[in-house]
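First up is the structure itself, then whatever we jot down about it.
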Amino acid sequence: MTRLLPEKGLEARKVLETLASYASIDMDPSSARLWGHIYEPGVEEVWKVALEAYALYQKKNMLDPTVYPSIIRIENELVSAVASLMGGGEGVVGNFTGGGTESIMLAVKAARDYYWSHRGRGTVPEIVLPITAHPAFHKAAHYLGLKTIVTPVDPETLQADVDAIAEKVSDRTAMVVGSAPNYPYGVIDPIREMGELAEDKGLWLHVDACIGFILPFLRMLGEPIPEYDFKVPGVSSLSTDLHKYGYSPKGASVILYRSKELRIHQLFSYSRWPGYPLVNTVVLSSRPAGNLAAAWAVLNYLGVEGYRRLAEKVLEARRTLEEQLPRLGFQVMGKPQAGILAFTSTEVNVFKLAQRMAEKGWYIQVQPGSIHLDLKPSIHLTIAPRHCDVVGQMLEDLARAKEEVRGHPLPPENALRFLQEAGLASLDPGELEKAMPRLLERLGLTGEALPKDMSLINELMYLMPPEMVEQVLSLVMNELYSP
Ligand SMILES: Cc1ncc(COP(=O)(O)O)c(C=O)c1O
């Protein structure tokens, strides 16, 4: 259905009322019932400070800082404060970006151009990364023409296997990646050992600390956080997001480099056209200075003490989960070291469990895993300070939900039955592809909204070949965003 702009503009009140009515179908983003996507500090003043700072800078464009020189000052102050928290001393430089993906995209571009400048353009540069690294690296490689080589993790600790990485690096390697911590399990990779490998072989090591902004504060609280940052000499670049455990509004991350000599490869300049000479530090050109101002304001408003206090709450909630989940018969995966925890079950279908929790008003994130990659289905919890108040209640509901779904077959039985009924039990990619429109229809994936019960769909993602899952995900998105 085509929706046209109103011929005559609406009253501001009417516009805002309409938006508010649209928003009523969403989960409340400040709700402690959401255990993913949000990092709610539970301190209203943080949002107020951010909003006012945004408003102060919302009209200013970061495209041309010569027009608004205070933007350079704010960005440098922010980057310098973040760098010092991430072990960066003299010489470490960086930029403010719109998010983890943009920071990673820039680091990959810088590493690629650095590689080219030293080795020429004769080969396709490679990124060697553990299976737990965020897909943003694969996306960056896809956009920038690099190849990714995925290595396994230790099956017990779920940390990157450094020997496996050492086997895969070669003179084609432009970047090696470690996470601090990784998203799926909240486990920190052995960055010191990876740094030694990088130094030994002259490789670019990027540390993805996008969800690691909490780590310095956990360390201050006495947590045994291993070295993961610029204190490790082999680290060339590091990304860390302020819109996660920095509690800034979305659109705030920092990419850091060991030196200006590395960072220069991140930049892009162009002057061979009739318009203004273009030089960009980041991917976007025009962008609001509001996000930067808001992030700077939140950093300064909370200060070290504020962040330490919030980290303490996250830690308290995590400890309760680590203690109670095994008592309820769940298995915590690896040893969580930051604000993320994943668990699985050998007794109940975790897809059904998440669905039952959704019916009880909780969002817990399903990680479908893959039978083809030997990745168990699991439940991911991103712990925010706010969760401290509700963790007990959530665990009680989880215990109830577990009993309620007991007896449902374990994955992938439901998915297999579904495919059998659809005459596709062989999982032959050709057959599946032909049957795709029919399958999407039967799963309720062809409309403007996703089905309420996602448990079968999640289970199918566990069962189907990853290439097929990726194809379906794109098809579904293509449908969802068709007005
Ligand atoms: C470890 C890690 N890296 C990168 C990203 C991508 O960040 P963004 O969603 O801000 O682009 C995430 C997002 O959760 C992450 O957890």
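Within segment 185-212, residues that are on the phi > 0 side of the Ramachandran plot sit with their Cβ atoms under 9 Å from residues that are within 11 Å of the ligand (Cβ to nearest atom) and part of a loop (DSSP other than H, G, I, E, B), at 6+ positions apart or across chains, in these pairs: 186/211; 186/338; 186/339. Just for segment 81-101: of the residues that are open to solvent by 30 Å² or more (accessible area, probe 1.4 Å) and either touching a residue at least 60 places away in the same chain (Cβ under 8 Å) or in contact with a Leu (Cβ under 9 Å, 6 or more places away or on another chain) (or both), which one is nearest to residue 252 (Cα to Cα)? Once the filter is applied, the top-ranked residue is 98. Scanning segment 375-394 for residues that are part of a loop (DSSP other than H, G, I, E, B) and open to solvent by less than 10 Å² (accessible area, probe 1.4 Å) returns 383, 384. Look at (1) open to solvent by 30 Å² or more (accessible area, probe 1.4 Å); (2) modelled with pLDDT of 95 or more; (3) more than 14 Å from the ligand (Cβ to nearest atom) and you find that residue 288 fails only one, number (2).
Could you check residue 60 against (1) basic (Lys, Arg); (2) touching a residue at least 40 places away in the same chain (Cβ under 8 Å); (3) exposed (fewer than 14 other Cβ atoms within 10 Å of the Cβ) and say which number it fails? Residue 60 satisfies every listed condition except (3).
Say whether the condition of being more than 16 Å from the ligand (Cβ to nearest atom), closer than 25 Å to residue 280 by Cβ and either open to solvent by 10 Å² or more (accessible area, probe 1.4 Å) or touching a Pro at 6+ places or on another chain (Cβ under 7 Å) (or both) is met by at least one residue in segment 174-184.
yes
Of all the criteria given as (1) acidic (Asp, Glu); (2) surrounded by fewer than 23 Cβ atoms within 10 Å (Cβ to Cβ); (3) more than 25 Å from residue 379 (Cβ to Cβ), the one not satisfied by residue 156 is (3). Filtering segment 219-247 to residues that are outside any strand (DSSP E or B), open to solvent by less than 10 Å² (accessible area, probe 1.4 Å) and within 16 Å of the ligand (Cβ to nearest atom) leaves 228, 229, 242, 245, 246, 247. Condition check for residue 257 on (1) open to solvent by 30 Å² or more (accessible area, probe 1.4 Å); (2) in contact with a Gly (Cβ under 9 Å, 6 or more places away or on another chain); (3) away from the ligand (no atom under 16 Å from the Cβ); (4) not small (Gly, Ala, Ser): one failure, at (1). Looking at the structure I just gave you, is residue 427 open to solvent by less than 20 Å² (accessible area, probe 1.4 Å), free of Cβ contacts under 8 Å to residues at least 40 places away in the same chain and out of contact with any strand residue (DSSP E or B) (no Cβ under 9 Å at 6 or more places or on another chain)? So residue 427 does not fit the description; no.
When we screen 328, 341 for residues that are surrounded by fewer than 18 Cβ atoms within 10 Å (Cβ to Cβ) and not assigned by TED's automatic domain parsing to the domain that holds residue 217, the only hit is 328. The number of residues in segment 189-212 being within 11 Å of the ligand (Cβ to nearest atom) and either part of a loop (DSSP other than H, G, I, E, B) or among the acidic types (Asp, Glu) (or both) comes to 6. Scanning segment 153-186 for residues that are under 17 Å from the mean Cα position of the chain (by Cα) and of a type in the set (Gly, Ala, Ser), we see that the one that is farthest from residue 204 (Cα to Cα) is 186. Is it the case, given these coordinates, that residue 229 is more than 17 Å from the chain's Cα centre (by Cα) and touching a residue at least 40 places away in the same chain (Cβ under 8 Å)? It is true that residue 229 is more than 17 Å from the chain's Cα centre (by Cα) and touching a residue at least 40 places away in the same chain (Cβ under 8 Å).
Yes/no matrix, rows are residues, columns are (1) touching a residue at least 24 places away in the same chain (Cβ under 8 Å); (2) closer than 30 Å to residue 3 by Cβ; (3) surrounded by fewer than 17 Cβ atoms within 10 Å (Cβ to Cβ):
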residue: 396; (1), (2), (3): no, no, yes
residue: 423; (1), (2), (3): no, no, yes
residue: 446; (1), (2), (3): yes, yes, yes
residue: 451; (1), (2), (3): no, yes, yes
residue: 458; (1), (2), (3): yes, no, no
residue: 479; (1), (2), (3): yes, yes, yes
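If you go through segment 336-372 and keep only what is in contact with a Pro (Cβ under 7 Å, 6 or more places away or on another chain) and assigned to a loop (DSSP other than H, G, I, E, B), you end up with 337, 338, 349, 368, 369, 371, 372. Filtered by the rule that a residue be touching a His at 6+ places or on another chain (Cβ under 8 Å) and surrounded by fewer than 19 Cβ atoms within 10 Å (Cβ to Cβ), segment 114-136 gives a lone residue, 117. Within segment 460-472, being surrounded by fewer than 18 Cβ atoms within 10 Å (Cβ to Cβ) and either out of contact with any strand residue (DSSP E or B) (no Cβ under 9 Å at 6 or more places or on another chain) or not in a helix (DSSP H, G or I) (or both) holds for 465, 467, 470, 471.
The values are calculated or read from the model by the stated rules, or taken from the named source; none is laboratory data. These numbers come from a predicted model, not from an experiment. Note: ideal-geometry Cβ built from the backbone for every residue, glycine included; neighbour counts use all protein chains shown. These area figures cover heavy atoms from the full protein model, side chains too; ligands, DNA and RNA do not enter into them. Shrake-Rupley method; radii C 1.70, N 1.55, O 1.52, S 1.80 Å.
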